[in-house]
Structure formats: structure tokens, C-alpha cells
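Engineer: Structure provided below as C-alpha cells; questions to follow.
We did not get these values from a lab; they are worked out from the coordinates using the rules stated. Note that the structure is a prediction, hence the values are computed from the model and not measured. Here the Cβ positions follow ideal geometry from the backbone for every residue, glycine too, while neighbour counts run over all protein chains shown.
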Amino acid sequence: MNDARPDVPLLFTPLQLRSIVARNRIVSSPMCQYASDDGGPGEWQLVNFGRFAM
């Protein structure tokens with residue numbers, strides 16, 4: 001995974017961690033799991049994570 005491209009910031013390049021490859025280096029850990037119904041995402045989580053996608 002040494003596809004270094006000087007025209008692309010490092011933040012937007014793939015990152016490999018063992019067998020997992022992330023398309024870029026922007027990640028967010030799970031938050032407010034206690035607010036979920038049955039441990040799954042709900043409307044609040046959709047809005048919360050949606051704001052990061054903007």
C-alpha cells in the first residue's frame with residue numbers, strides 16, 4: 001500500500017490496518033450507544049453522523 005500521491009493530502013489516502021483497508025483516514029468512533037433502541041442506530045444517530053458527512 002505504498003501508492004503515495006503528492007497531489008492528494010495524506011488524510012484522504014487509504015490506510016491499512018492488518019486485513020482492514022479504510023478508503024481514507026477520516027473516522028469516528030461510536031458515540032451515545034446508550035441512547036440507541038436495542039443497540040441499533042436511530043433517528044438521532046442518523047442526524048449526528050450525517051452532519052459529519054457534509
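Engineer: Can you figure out the FRET efficiency of residue 25 with residue 48, using R₀ = 25 Å and their beta-carbon distance, to the nearest 0.05?
Structural biologist: 0.75
Engineer: While we're here: Once the convex hull of the alpha carbons of region 10-53 is built, what does its volume come to per residue, in cubic angstrom?
Structural biologist: Given the Cα convex hull of region 10-53, per-residue volume reads 91 Å³.
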